[in-house]
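Below is one structure, written out as structure tokens; comments come after it.
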Amino acid sequence: MILDGPFELDPSRRYSVDLMSFRVDTRISKISVGLFAYFGPYVVQISALFLGYNRKEEEVSLIKPGVNFLTMESISMLPPQCDGVLLAAWGEPFDREAWNTITWANVKQSYHGMKLVLKQYEELS
């Protein structure tokens, strides 16, 4: 399910992700949330994280300056000719307070937005 986006980018420019976080109610668990980039007909995962039972904060960071929590790399570059990015979720949504499985519509209502900071750069030839 798409939580946010797609956000269109200028494919003639190069981008790296400096920061990416989102907010979702702490009661939501058992789903993975990821940032994806697309270019033409292709889609690649840039970062993702599983939301488990022990999460205490509404804000979840996938990428902070200096670290991508999926790859543990210091730079999260988007692919060349990237058309845009989106935030997607998958899994079996679970409500920890009600202790039962919930619908994706419930997850969407519990979602409170994302922060995405991109940097443009030029490749040196």
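Some observations on this one:
- FRET E, pair ALA105, GLN45, Förster distance 30 Å, beta-carbon r, rounded to 0.05: 0.80
- Rolling a 1.4 Å probe over the protein heavy atoms of segment 8-125, with every protein chain left in place, gives an accessible area that is 53 percent carbon and sulfur.
- Residue-averaged 222 nm ellipticity for the chain, from DSSP H runs of 4+ at -39500 (n - 2.57), nearest 500: -1500 deg cm²/dmol
- Cα centre as origin, Lys/Arg/Asp/Glu Cβ charges: the chain dipole, Debye: 280 debye
- Listed values for segment 59-72 are Karplus-derived 3J(HN,Hα) couplings in whole Hz (6.51 cos²θ - 1.76 cosθ + 1.60, θ = phi - 60°), namely 7, 10, 9, 9, 9, 10, x, x, 7, 9, 6, 7, 9, 6, and x replaces Gly and Pro.
- Here the relative contact order of segment 52-113, from alpha carbon pairs under 8 Å that lie six or more residues apart, stands at 15 percent.
- In this structure the chain gives 58 Å² per residue of accessible area when probed at 1.4 Å with all protein chains present.
- Once the GluC sites (Glu not before Pro) in DSSP loops with at most 11 neighbouring Cβ atoms within 10 Å are cut out of the chain, the longest remaining piece is 1-56.
- Listed options for Cα extents along the principal axes in Å are (i) 56, 28, 19; (ii) 39, 36, 21; (iii) 46, 29, 24. The value calculated from this structure is the one marked (i).
- Taking a straight Cα-Cα cut-off under 17 Å and skipping sequence neighbours fewer than 8 places away in the same chain, the aspartates and glutamates within cross-link reach of LYS115 are ASP4, GLU8, ASP18, ASP25, GLU57, GLU58, GLU59.
- Neighbour cut-off at most 15 other Cβ (10 Å), DSSP loop, chymotrypsin sites (Phe, Trp or Tyr not before Pro), segment 1-62: TYR53
- Loop-located trypsin sites (Lys or Arg not before Pro) in segment 1-93, at most 12 other Cβ atoms within 10 Å (DSSP): LYS56
- Listed cross-link partners LYS64/LYS108; LYS30/LYS64; LYS30/LYS108 are compared with a 18 Å cut-off, the Cα-Cα value being larger for LYS64/LYS108; LYS30/LYS64.
- Gain in span if fully extended, SER12 to ILE75, counting 0.36 nm per residue against the direct Cα distance: 20.7 nm
- Dipole magnitude of segment 26-80, debye to nearest 20 (Cβ charges: Lys/Arg +1, Asp/Glu -1, about Cα centre): 200 debye
The values are calculated or read from the model by the stated rules, or taken from the named source; none is laboratory data. Given the structure is predicted, the values throughout are model-derived calculations rather than measurements. All Cβ positions, glycine included, derive from the backbone under ideal geometry; neighbour counts span all protein chains shown. Just so you know, the surface numbers come from the protein's heavy atoms only, side chains and all, with ligands and any DNA or RNA stripped out. Shrake-Rupley method; radii C 1.70, N 1.55, O 1.52, S 1.80 Å.
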